[in-house]
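The values are calculated or read from the model by the stated rules, or taken from the named source; none is laboratory data. Note that this is a predicted model, so its numbers are computed, not measured. All Cβ positions, glycine included, derive from the backbone under ideal geometry; neighbour counts span all protein chains shown. All accessible areas refer to the heavy atoms of the entire protein, side chains included, with ligands and DNA or RNA removed. Shrake-Rupley method; radii C 1.70, N 1.55, O 1.52, S 1.80 Å.
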Amino acid sequence: MNVGSFRDALSQWASGVTVVTTAFDGLRHGMTASSFSGVALDPPLVSVCLTTAGATHRMIEHSGVFAVSILGHDHGPVGRHFAGVRNGHPDGAGRFSTGRWETAGTGSPVLGDAVGWFDCRVAQTHAAGDHTIVLGEVLTVGTPRNAPPLIYHARLFHDQGVLHC
């Protein structure tokens, strides 16, 4: 199968946009992710899929904790910044220069005005090709504000009918 055709087909699935973060040894890291899902209520579990070779995956593997912040319709700049689309490829703590970040109980950063966030401890990991499925036991949650979500579809962010590259 052609990888480009596979990616094109996957891009037709609309999803919400999150930023997955962690902190380890005094360093913070994060990345934009659309592969996030609630898994179970008892115990409360969520999943994220991370590129196994990526820095965020390595830091979560070392720290054993992570947080997921759900982006609102007005968080396009945050989503692009953590995706590395704006200003080159920001790295490490420099990624946190966009948005208002707070520290959750595990030490992982959460977006202070996210529409929701989950602070998690790694419960399990599962190898899946070039990615790892990370199951997180949710320790605490927050819903700082009620707002429409930022949507990712066809490789673009959508907020209330407006396309953003």
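Only residues that are crowded, with 16+ Cβ neighbours inside 10 Å, in a strand (DSSP E or B) and out of contact with any Ser or Thr (no Cβ under 6 Å at 6 or more places or on another chain): list them for the range 103-120, please.
Across the range 103-120, the qualifying residues are 118, 120.
Is it true that residue 7 is among the basic types (Lys, Arg) and either in contact with a Pro (Cβ under 9 Å, 6 or more places away or on another chain) or in a strand (DSSP E or B) (or both)? Working first, answer last.
Values: among the basic types (Lys, Arg): yes; either in contact with a Pro (Cβ under 9 Å, 6 or more places away or on another chain) or in a strand (DSSP E or B) (or both): no.
No.
Going by the structure shown, is residue 73 within 24 Å of residue 4 (Cβ to Cβ), modelled with pLDDT under 95 and not charged (D, E, K, R)?
So residue 73 does not fit the description; no.
Test residue 93 against the criterion of being open to solvent by 40 Å² or more (accessible area, probe 1.4 Å), in a helix (DSSP H, G or I), modelled with pLDDT under 95 and not charged (D, E, K, R), and give yes or no.
Details: open to solvent by 40 Å² or more (accessible area, probe 1.4 Å): yes; in a helix (DSSP H, G or I): yes; modelled with pLDDT under 95: yes; not charged (D, E, K, R): yes.
Against the criterion (open to solvent by 40 Å² or more (accessible area, probe 1.4 Å), in a helix (DSSP H, G or I), modelled with pLDDT under 95 and not charged (D, E, K, R)), residue 93 qualifies.
Would you mention how many residues in the range 44-54 are more than 28 Å from residue 147 (Cβ to Cβ), open to solvent by 30 Å² or more (accessible area, probe 1.4 Å) and either touching a strand residue (DSSP E or B) at 6+ places or on another chain (Cβ under 7 Å) or not aliphatic (A, V, I, L, M) (or both)?
Of the residues in that region, 2 qualify.
Would you check if there is a residue in the range 72-82 being surrounded by 12 or more Cβ atoms within 10 Å (Cβ to Cβ), among the acidic types (Asp, Glu) and under 25 Å from residue 135 (Cβ atoms)? Don't jump to the end; show me each part of the working.
Residues of the range 72-82 surrounded by 12 or more Cβ atoms within 10 Å (Cβ to Cβ): 72-82.
The next check asks that each one be among the acidic types (Asp, Glu); those that pass are 74.
If we keep only those that are under 25 Å from residue 135 (Cβ atoms) as well, we get none.
No, every residue in the range 72-82 fails to be surrounded by 12 or more Cβ atoms within 10 Å (Cβ to Cβ), among the acidic types (Asp, Glu) and under 25 Å from residue 135 (Cβ atoms).
Conditions tested, residue by residue: (1) assigned to a helix (DSSP H, G or I); (2) touching a Lys or Arg at 6+ places or on another chain (Cβ under 9 Å).
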{"position": "39", "(1), (2)": "no, no"}
{"position": "61", "(1), (2)": "yes, no"}
{"position": "66", "(1), (2)": "no, yes"}
{"position": "77", "(1), (2)": "yes, yes"}
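What number of residues in the range 41-59 are part of a strand (DSSP E or B) and among the basic types (Lys, Arg)?
0
Using beta carbons and a limit of 7 Å, which pairs, at least six apart or on different chains, have the first residue in the range 98-125 and touching a residue at least 24 places away in the same chain (Cβ under 8 Å) and farther than 17 Å from residue 82 by Cβ and the second one aliphatic (A, V, I, L, M) and not in a strand (DSSP E or B)?
As it stands, the answer is 119/104; 122/60, since those pairs meet every condition given.
Out of the range 126-140, which residues are open to solvent by 70 Å² or more (accessible area, probe 1.4 Å), in contact (Cβ under 8 Å) with a residue 40 or more places away in the chain and assigned to a strand (DSSP E or B)?
Our first condition is that a residue be open to solvent by 70 Å² or more (accessible area, probe 1.4 Å); within the range 126-140, this holds for 126-127, 129-130, 139.
So of that shortlist, the ones also in contact (Cβ under 8 Å) with a residue 40 or more places away in the chain come out as 127, 130.
If the condition is that a residue be open to solvent by 70 Å² or more (accessible area, probe 1.4 Å), in contact (Cβ under 8 Å) with a residue 40 or more places away in the chain and assigned to a strand (DSSP E or B), then 127 is the only one that fits.
Please specify each residue of the range 15-34 satisfying the condition of being touching a residue at least 40 places away in the same chain (Cβ under 8 Å), of a type outside the set (Val, Ile, Thr) and open to solvent by less than 50 Å² (accessible area, probe 1.4 Å).
Result: 15, 16, 23, 29, 30, 31.
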